[in-house]
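Below you'll find the structure, written out as structure tokens, and then a few comments.
Just so you know, all these numbers are worked out from the coordinates, no wet-lab data involved. Everything quoted here is computed from the prediction, not taken from an experiment. We place every Cβ from the backbone using ideal geometry, glycine too, and count neighbours over all the protein chains shown.
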Amino acid sequence: MTGALADLAFMALVIGVFVAAARIGAARGGARSGRPLPKEVRPPADSRTGDGRPQRSRPTPAQLALLAAALSFLVPGLGHFLIRAWSRGLIWLGGLILIGVLSAGAQSPIVLVLSFVAAIDAYLTARTKGTAA
């Protein structure tokens with residue numbers, strides 16, 4: 001029962017990551033097909049670059065924080081690398097490797113706890129970095 005519940009939680013998280021990535025992609029302008037946009041969809045001329053292409057919008061700090069949390073839940077430290085908190089990311093990734101070595105590769109509930117705590121830390125770190133910048 002626990003394995004099925006963990007698999008279900010993992011699948012929900014993966015779907016959440018894809019939804020967040022799709023929203024960030026949509027905020028950036030969606031897929032680049034090479035075809036020009038119809039006039040009613042084009043952004044105003046003042047938001048275009050010098051060569052006529054639309055400027056890319058950056059993800060909001062809230063979107064970045066959620067994506068960092070999701071990535072750190074999948075692999076502790078990965079979300080920290082996304083927000084460029086390199087030392088924190090190395091510490092979390094090192095903790096994951098250390099637990100993996102000490103438990104001889106067996107699945108441990110400590111890894112799940114580590115993933116949750118790393119995700120919370122990545123979220124909070126991204127939010128504080130987003131407000132400071």
Quiz prompt | Whole-Hz ³J(HN,Hα) from phi, Karplus 6.51 cos²θ - 1.76 cosθ + 1.60, for the range 92-99, glycine and proline x | solution = 5, 5, x, x, 5, 5, 4, 5
Practice problem: For the range 108-121, just list the computed ³J(HN,Hα) in residue order, Karplus coefficients 6.51, -1.76 and 1.60, θ = phi - 60°, integers in Hz, with x standing in for Gly and Pro. | Solution: 10, x, 5, 5, 5, 5, 4, 5, 4, 5, 5, 5, 5, 5
Quiz prompt | Over 15 Å [Cα-Cα, the range 83-133], rounded percent | solution = 51 percent
Exercise. State, to one decimal in nm, how far the label point of residue 124 lies from the label point of residue 103, with both points 7 Å from Cα in the Cβ direction.
Key: 2.2 nm
